[in-house]
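The values are calculated or read from the model by the stated rules, or taken from the named source; none is laboratory data. Keep in mind that what you see is a predicted model, and the values were worked out from it rather than measured. Each accessible area value is taken on the protein alone, full model and side chains, heavy atoms only, with ligands, DNA and RNA left out. Shrake-Rupley method; radii C 1.70, N 1.55, O 1.52, S 1.80 Å.
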Amino acid sequence: MDLQLAGRVALVTGASIGLGASIAEHLAAEGCRLVLLARREDLLEAVANAIAGQGRQRPLVIVEDVTSDGMAEKVRGVVEGRFGQLDILINNAGGSRPMADLGTEGEWDEAMALNFTAGRRLAHAFIPGMQARKFGRIINITGNDEPTAMNAAVPPNGAMHIWAKALSRQVGAYGVTVNCIPPGRIHSEQIDDRLMPTKAVQDAWVKANCPAGYIGEPEDLSVLVAFLSSPKARYITGQVIHVDGGARAGAT
């Protein structure tokens, strides 16, 4: 299927590793011109080099903390200065924040800034241009909004889902879609190095929780991102689409 993405400009945050890198690779394969943003320059450059090594246009690399002051306006200036516009925004930067107790004010503020406010600010910075061109795709890689323990990243996920739904209703008439994808357990730095660092732990979790019978790979999510980025996905908006091998217990 031709996803009609050739020449589209896409920004992927948190693009230095794992899901972000995989999303970038899939969009590059569809012909997108890419902007990769994250804090770790060496890893970002490696992703950009890998994409260029496949014979594709080398992505523009922006080394930036998405929670820094003035980030959204700065990034918009760089992207529009290079490409003139942005068609696709992938808000992938974020991270789990488990807590043993109630947490501090600073920890809660940091989790909200990283997992909600940064993505909202970027979207608000680029939406006017998308509306003017009658095309835009905003895809937020979020996370679980069903709390099983104290985790400062869970409320921002819920906030992102509600904000994205409201935004989708406001910008839909302009050809702009807004969707959220909460990943389940997918092999990544966060899962493999922090949450479930041994095969025994992973196998036990899969047996108890995942009907698919395995932990997912980044490409299991990236293919959905590529489709939702496409003009062909024009009627899919305001949705929260879980990619988790059936692990989520609820029906919605």
Next item on the list: Calculate, for region 84-239, the solvent-accessible area per residue in square angstrom, rolling a 1.4 angstrom probe over the heavy atoms of the protein chains.
Entry: 48
Checklist line | Rounded accessible area of Leu102 (nearest 10 Å², 1.4 Å probe) | finding: 130
Notebook entry, point to check: Once a ≥ b ≥ c are taken as the square roots of the eigenvalues of the Cα gyration tensor of the chain, is the result rounded (a/c under 1.5), prolate (a/b larger than b/c) or oblate (a/b not larger than b/c)?
Noted result: rounded
Margin query: Computing the accessible area with a 1.4 Å probe over protein heavy atoms, can you report the carbon and sulfur percentage for the chain?
Written below: 52
Check: Within straight cross-link reach of Lys74, meaning Cα distance under 30 Å, which lysines are found once same-chain residues fewer than 8 apart are removed?
Finding: Lys134, Lys165
Margin query: Give the aspartates and glutamates whose C-alpha is closer than 19 Å to that of Lys199, dropping any in the same chain fewer than 8 places away, or say none.
Written below: Glu189, Glu217, Asp244
